[in-house]
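What follows is a set of notes on a single structure, which appears directly below.
Only the coordinates and a few stated rules stand behind these numbers; no lab work does. Bear in mind that the values here come from a model prediction, so they are computed numbers and not experimental data. Here the Cβ positions follow ideal geometry from the backbone for every residue, glycine too, while neighbour counts run over all protein chains shown.
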């Protein structure tokens with residue numbers, strides 16, 4: 001993910017929370033009224049919840065995809081890909097599968113990146129993941145490269161949809 005975007009999101013998520021915590025710590029305990037403390041703690045918890053929602057729902061990916069649409073398009077190539085098993089916490093229960101595709105492109109020297117399928121969440125079975133891995137692996141792909149830093153790149157979901165033969169619909173789970 002783009003460093004600028006990460007810093008922005010972290011700042012957006014934690015700056016108000018930090019201010020609320022500073023207000024709590026800076027005021028003497030005798031001046032803490034129930035409402036003041038409750039509002040500060042609610043602000044902290046609210047911003048943390050929004051940050052978790054942002055990352056879990058794929059909004060960060062959508063934001064990066066939106067920004068990268070205007071970046072320069074270069075020729076790139078996916079590697080054969082790899083199926084990654086996603087597990088839930090300590091239980092180790094399998095929640096699904098993702099396909100991780102490395103890609104290479106040439107911009108100010110040889111560069112590489114990582115693209116993850118499906119576009120949001122996980123595939124329900126390893127067979128579905130394998131089907132998509134075979135469709136996309138070892139294929140040429142358009143890579144969007146930041147005009148400010150050629151090491152920052154993005155493969156757009158819409159380009160991959162076209163590549164794997166599903167132009168107007170999300171990948172079937």
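Most tightly packed first, judged by the mean number of other beta-carbon atoms within 10 Å of their residues, the peptides 104-115, 87-98 read 104-115, 87-98.
Could you state the number of Å between the C-alpha centres of the range 91-127 and the range 134-165? Centre-to-centre (Cα) distance: 12 Å.
Which residues among the range 72-93 fall inside the zone where the amide N is under 17 Å from a point 7 Å beyond the Cα of residue 110, along Cα→Cβ? Hits in the range 72-93 for residue 110 at 17 Å: 75-81. Each Cα pair under 8 Å and six or more residues apart adds its sequence gap; the mean of these over the residue count of the range 71-163 is a relative contact order of 34 percent. Protection proxy ranking of 120-126, 139-145, by the mean of other Cβ atoms within 10 Å over each peptide's residues and highest first, is 139-145, 120-126.
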